[in-house]
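Asks: So that we are looking at the same thing, I have put the structure below in structure tokens.
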Amino acid sequence: MSIRFGTSGWRAIIADQFTFSNVELVTNAICCSLKESGFSEGSKLLVGNDTRFMGEQFAVMAAKIAARHGFEVLLCSAPVPTPTLSHAIRSNKAAGGINFTASHNPLEYQGIKLSTADGAPALPEITQRVEALIIEGPKTGTATGTITDFDPRPAYLDDLASKVRFDEIAKASGKYAYDPLWGTGRGYLDKILKDHGLSVETLHDWRDVTFGGKSPEPGEAQLAELKAKVLSEKLTLGLATDGDGDRFGIIDSNGEIISANQLVALLTDYLVESRGWRQGVARSVATSHMVDRVAKDRGIKLYETPVGFKFIGELINKDEIILGGEESAGLSIRGHYPEKDGLIACLLAAEAVAVRGVSITDQLNELYGRIGKLESGRIGVKLTDEIAAGLKERLAREPSDIGGRSIESINRMDGVKFIFADGSWMLMRPSGTEPMVRIYAESEDKADLESLLDQGKKYLLDQ
């Protein structure tokens, strides 16, 4: 069995590959890797977990292993959002952090997210070294470190309060509902809104390791209750976060779900307007080119990155962007952490509505009037043995057209992205977290988008 880190850490099914013995291997390898990088005994290390089954037990085990390597472990005393852990790593000048979470994956999964000393997701060269150490058989520690219970919430919420204009949100007197999907956002996003005098009702405000029988992903299938609440009580916004709080979901006052592609473009436009920032904006290769159009309209630079927030995080660390976002509902902003943060995304959406005085839908319509509208979507194709056998050869081809649509250029930054002569595009890439191939596409017409996705699936399956 091989343990591989994907786009955002290592994930596996509990009691299959995700076992105590494998967690021991991974934790020892991480500790050895950190010591190879120059961190000595006495360095701090954050360890946390989300609300998944056995999360606390895995975290305590990892803390004990790290202590035997000589680390001063700060063990989070309650389930913690990934962005909160990122803030704690930076503010405590720690060597890094280990968070037991499988993010938005189904309930049977557990995982480990590894963050480095800057609070960012570990880059491939680091996780590849961890994988190599696992194969070599990492050394166990013999030192006597410490384990201290640690509550990262107060400092994180204080930091959020310094970056979001709560005075403007409060002045607008909006009403909100929040669905943490039984995840780590409970007691974070709802608390900070209430602390600033705002009306917010929290759904699913208890721990359920089955996440209501669904994946804790803030998508349309999971947000029906939140939508009904927004419409029935005529709320300003419905807000949601995923299992570990790094992804967002937004429902506008009219019940419409605002896609991540839409919000990334809208908040880029809003931050240039409200903050006066002139740095660039970053999007992953799979994210809407509406971001490109906003960048052109506002006169700022556009950066394109591979999928994986660690690449956007590097640009945040360098202060080269005002916002970086992904279509998978992750974003962060200038001066924040190099890790996606679903909580600040929700709060900035509320701020934009309060400051501009109109709904997100109305703001988007105004934006479309300036830059035009694009329709984007994605589908997943299960990675069967048959598809896997021909996938590499299929993606290596360089066709002149797909479905009669002329190809203008091919981008191989991450997967293969076909840019068509009419400005539409299609991306095919194996998922870094699940056994499937994702097909992304974008066009100016919704019917054409569906046609593109269908053509992509046929291209992939036509072995």
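Here is a yes/no grid of residues against (1) touching a helix residue (DSSP H, G or I) at 6+ places or on another chain (Cβ under 6 Å); (2) in the same structural domain as THR305 (by TED's automatic domain parsing); (3) without any contact (Cβ under 8 Å) to a residue 40 or more places away in the chain:
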{"residue": "LYS417", "(1), (2), (3)": "no, no, no"}
{"residue": "PHE420", "(1), (2), (3)": "no, no, yes"}
{"residue": "SER431", "(1), (2), (3)": "no, no, no"}
{"residue": "SER443", "(1), (2), (3)": "yes, no, no"}
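Asks: Buried (at least 24 other Cβ atoms within 10 Å of the Cβ), small (Gly, Ala, Ser), at pLDDT 95 or above and within 23 Å of the chain's Cα centre (by Cα): is that true of ALA88 in this structure?
Replies: Judged against the criteria, ALA88 is a match.
Asks: Give the number of residues within the stretch 43-58 that are over 18 Å from GLY213 (Cβ atoms) and either under 21 Å from the mean Cα position of the chain (by Cα) or at pLDDT below 95 (or both).
Replies: Qualifying residue count for the region: 5.
Asks: Is it true that ARG397 is surrounded by fewer than 20 Cβ atoms within 10 Å (Cβ to Cβ) and outside the structural domain of GLY111 (by TED's automatic domain parsing)?
Replies: Here the answer is yes, as ARG397 does meet what is asked.
Asks: Residues being in a loop (DSSP other than H, G, I, E, B) and of a type in the set (Gly, Ala, Ser): count how many of those fall in the stretch 278-313.
Replies: 4
Asks: Select from the stretch 183-197 the residues that are surrounded by 20 or more Cβ atoms within 10 Å (Cβ to Cβ) and either of a type outside the set (Lys, Arg) or assigned by TED's automatic domain parsing to the domain that holds PHE100 (or both) and list them in ascending order.
Replies: GLY183, THR184, GLY185, TYR188, LEU189, ASP190, ILE192, LEU193
Asks: Name the residue, out of ILE387, ILE407, ILE322, ILE402, that is within 29 Å of GLU125 (Cα to Cα), touching a Phe, Trp or Tyr at 6+ places or on another chain (Cβ under 7 Å) and of a type outside the set (Ser, Thr, Tyr).
Replies: Every option except ILE322 fails the conditions.
Asks: Another question about this same structure. Can you name every residue in the stretch 20-37 that is polar (S, T, N, Q) and either within 25 Å of the chain's Cα centre (by Cα) or surrounded by 17 or more Cβ atoms within 10 Å (Cβ to Cβ) (or both)?
Replies: ASN22, THR27, ASN28, SER33
Asks: May I ask you to list the residues in the stretch 200-249 that are surrounded by 14 or more Cβ atoms within 10 Å (Cβ to Cβ) and either part of a strand (DSSP E or B) or among the β-branched types (Val, Ile, Thr) (or both)?
Replies: Within the stretch 200-249, VAL200, GLU201, THR202, VAL230, THR236, LEU237, GLY238, LEU239, ALA240, THR241, PHE248, GLY249 meet the criteria.
Asks: Yes or no: GLU136 without any contact (Cβ under 8 Å) to a residue 12 or more places away in the chain and within 21 Å of ALA12 (Cβ to Cβ)?
Replies: Spelling it out, GLU136 is indeed without any contact (Cβ under 8 Å) to a residue 12 or more places away in the chain and within 21 Å of ALA12 (Cβ to Cβ).
Asks: Just to be sure before I move on: is ASP118 on the phi < 0 side of the Ramachandran plot, among the acidic types (Asp, Glu) and not assigned by TED's automatic domain parsing to the domain that holds ASP319 in the structure I sent?
Replies: Considered against the rule, which asks whether it is on the phi < 0 side of the Ramachandran plot, among the acidic types (Asp, Glu) and not assigned by TED's automatic domain parsing to the domain that holds ASP319, ASP118 comes out as yes.
The values are calculated or read from the model by the stated rules, or taken from the named source; none is laboratory data. Note that the structure is predicted; figures quoted are calculated from it, not measured. Methodologically, a virtual Cβ is constructed for each residue, glycine included, from the backbone with ideal geometry; neighbour enumeration extends over all protein chains shown.
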